[in-house]
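The block underneath contains the structure these notes are about, expressed in structure tokens.
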């Protein structure tokens, strides 16, 4: 029975119809949960359909709780977690398992700990974390995870360069504009808000250089920012291209007689 349940929960088994149907059901339930959390923030809908939202939440938590318990029970069928104790403990602390716990925690926590209204509202919004449960079932999210993992070194370097430029730009602009606008460019940390908006080409307009030197530096920094901020996008695009090529090569038809690609 444990093996059969694991086969249904195993999202990698694409040929199991029960597993496919169960995954589709969970994806739809997660989507409906995200919509429900968003609609609950509308006061008129929350007051009018309070019971519907509540019973839907109870149903969802029951399904997610049973799913989590079954995953912990059947995970020993996986060679990676085959030990009945240490294997289960190792699985519980995986990213996907922690997301499963966080998805149901906001419902159970108020039952055991007295919580004020403000914390309760935050817990209700934390339910949006259920959308991350979809990463287990959608091929696209798994592809994104593989790309980020493969390009983590290049991405780390590019993000470091962006942060470095942001700090340098903030320091220079602070010393240039502080005397002219002491209320806006009051410190280097305060100036970092300007550098973020300048480097990302957003330019909110709440902090603008007014001196000639400040405007000249802002122009140079903005141009440099366009290139540096676009760098992670190029790295990710390259990673996606590599992953798609690998997938294409894996699915190339092979001649049964000569073992060559057709």
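Please find, within the stretch 150-183, the residue that is surrounded by the most Cβ atoms within 10 Å (Cβ to Cβ) out of those that are within 21 Å of residue 213 (Cβ to Cβ) and under 27 Å from the mean Cα position of the chain (by Cα).
166
Which of the residues spanning the stretch 85-111 are surrounded by 13 or more Cβ atoms within 10 Å (Cβ to Cβ), closer than 22 Å to residue 26 by Cα and free of Cβ contacts under 8 Å to residues at least 24 places away in the same chain?
Scanning the stretch 85-111 gives 91, 92, 94, 98, 105, 106.
Name the one entry in 240, 174, 164 that is at negative phi and touching a residue at least 60 places away in the same chain (Cβ under 8 Å).
Testing whether each residue is at negative phi and touching a residue at least 60 places away in the same chain (Cβ under 8 Å) leaves just 240.
Among (1) modelled with pLDDT of 85 or more; (2) exposed (fewer than 11 other Cβ atoms within 10 Å of the Cβ), which single condition is residue 15 missing?
(1)
Every residue, every condition in (1) more than 17 Å from the chain's Cα centre (by Cα); (2) modelled with pLDDT of 70 or more; (3) within 22 Å of residue 63 (Cα to Cα); (4) in a helix (DSSP H, G or I), yes or no:
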{"residue": "88", "(1), (2), (3), (4)": "yes, yes, yes, yes"}
{"residue": "100", "(1), (2), (3), (4)": "no, yes, yes, yes"}
{"residue": "133", "(1), (2), (3), (4)": "no, yes, yes, yes"}
{"residue": "145", "(1), (2), (3), (4)": "no, yes, no, yes"}
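Checking the conditions here, which among 75, 66 is within 26 Å of the chain's Cα centre (by Cα), loosely packed, with under 11 Cβ neighbours inside 10 Å and in a helix (DSSP H, G or I)? Outline the logic, then answer.
Details: 75 fails: loosely packed, with under 11 Cβ neighbours inside 10 Å.
Being within 26 Å of the chain's Cα centre (by Cα), loosely packed, with under 11 Cβ neighbours inside 10 Å and in a helix (DSSP H, G or I) holds for just one of 75, 66, which is 66.
With the requirement that a residue be surrounded by fewer than 16 Cβ atoms within 10 Å (Cβ to Cβ) and at pLDDT 85 or above, what does the stretch 184-206 give you?
186, 187, 189, 190, 193
The values are calculated or read from the model by the stated rules, or taken from the named source; none is laboratory data. Remember, predicted model here, so these are calculated numbers, not experimental data. So basically every Cβ, Gly included, is an ideal-geometry build from the backbone, and we count neighbours across all protein chains shown.
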